[in-house]
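The values are calculated or read from the model by the stated rules, or taken from the named source; none is laboratory data. A quick note: this is a predicted structure, and the numbers were derived from the prediction, not measured. Here the Cβ positions follow ideal geometry from the backbone for every residue, glycine too, while neighbour counts run over all protein chains shown.
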Amino acid sequence: MDERDTYLSIDLDYWCHTEKDWTARLFFKRVWALGLKVTVALHHHHLLQSINRIARQLRRVVNVDYHSDITEEDFPFELNEGTWANFVRRPEQMTFEWRYPEEGCLDGSTGYCHSYIDPFEIQCTRWRRVVRKEGIARIPWHRICAVGVCLSPGWLDNLWTVNYPVECLGLHEWYGRWSFCNGHRAPTDMDAENGTGIFRPRLISPRL
């Protein structure tokens, strides 16, 4: 039986508060060593299609992220970068595992995306299991079958700390275009909002 049943979903804002660029460099060197192509997206929910495309073979989604990106399902909510985990197909067969960088993320004003019911404490989603772990040690590398990386430009306080993966994945153009429009009060760039046009997610090989 093929044990590669894990999707590794990485948000660059995991490193948004660190001042050590080598931490992201070391992590992504391990990612590149998998030898897999990487799906890149501007915002995290733009990776949903790549996850759902292989949902039938998945048993776990590991979300390396400053934010949990999952909410309780007892009230209406829309798909966005903080709820995308609730839109993954076939969650009844899977574990959602949030890897967060620091204890300060465990708060509704920082990393948590739920409103009233903590999905890490109480069963309030369709996922078989919802777990959280601090840090990125002991990620099940041997089980990873696909990797997705999102830029999340609105959450990057220190862009230079993730310059290595941004360079390897060719994401500087996305960041520059998003920053220009956002910083000059331009009309909303619907391609950026929807992950279309120039911001359409793409499957690439990292430039090492």
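Suppose the filter is touching a Lys or Arg at 6+ places or on another chain (Cβ under 6 Å) and either β-branched (Val, Ile, Thr) or closer than 22 Å to residue 42 by Cβ (or both); does residue 117 pass it? For residue 117, the condition - touching a Lys or Arg at 6+ places or on another chain (Cβ under 6 Å) and either β-branched (Val, Ile, Thr) or closer than 22 Å to residue 42 by Cβ (or both) - is not met. Within the stretch 84-91, at least one residue is within 15 Å of residue 13 (Cβ to Cβ) and in contact with a helix residue (DSSP H, G or I) (Cβ under 8 Å, 6 or more places away or on another chain). Taking the listed residues 134, 92, 102, the one that is out of contact with any Phe, Trp or Tyr (no Cβ under 8 Å at 6 or more places or on another chain) and among the charged types (D, E, K, R) is 102, with no other qualifying.
Residues satisfying the criterion are present in the stretch 54-70 (criterion: under 16 Å from the mean Cα position of the chain (by Cα), under 22 Å from residue 143 (Cβ atoms) and of a type in the set (Asp, Glu)).
Listed here are the residues, each with its yes/no results for (1) free of Cβ contacts under 8 Å to residues at least 40 places away in the same chain; (2) in contact with a Lys or Arg (Cβ under 7 Å, 6 or more places away or on another chain); (3) more than 30 Å from residue 57 (Cβ to Cβ); (4) small (Gly, Ala, Ser).
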{"residue": "131", "(1), (2), (3), (4)": "yes, no, no, no"}
{"residue": "134", "(1), (2), (3), (4)": "yes, no, no, no"}
{"residue": "138", "(1), (2), (3), (4)": "yes, no, no, no"}
{"residue": "156", "(1), (2), (3), (4)": "no, no, yes, no"}
{"residue": "160", "(1), (2), (3), (4)": "no, no, yes, no"}
{"residue": "163", "(1), (2), (3), (4)": "no, no, yes, no"}
{"residue": "189", "(1), (2), (3), (4)": "yes, no, yes, no"}
{"residue": "207", "(1), (2), (3), (4)": "no, no, no, no"}
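Of all the listed residues (11, 5), the sole one being in contact with a His (Cβ under 9 Å, 6 or more places away or on another chain) and at pLDDT 95 or above is 11. When 181, 124 are checked against the criterion of being free of Cβ contacts under 8 Å to residues at least 24 places away in the same chain and over 23 Å from residue 50 (Cβ atoms), a single residue qualifies: 181. Among the residues of the stretch 4-22, those that are out of contact with any Pro (no Cβ under 9 Å at 6 or more places or on another chain) and assigned to a loop (DSSP other than H, G, I, E, B) comprise 4, 5, 19, 20.
For the stretch 23-30, the criterion of being in a helix (DSSP H, G or I), surrounded by fewer than 19 Cβ atoms within 10 Å (Cβ to Cβ), in contact with a Lys or Arg (Cβ under 6 Å, 6 or more places away or on another chain) and at pLDDT 95 or above is satisfied by no residue at all. When restricted to residues that are part of a loop (DSSP other than H, G, I, E, B) and loosely packed, with under 14 Cβ neighbours inside 10 Å, the stretch 141-170 contains 2.
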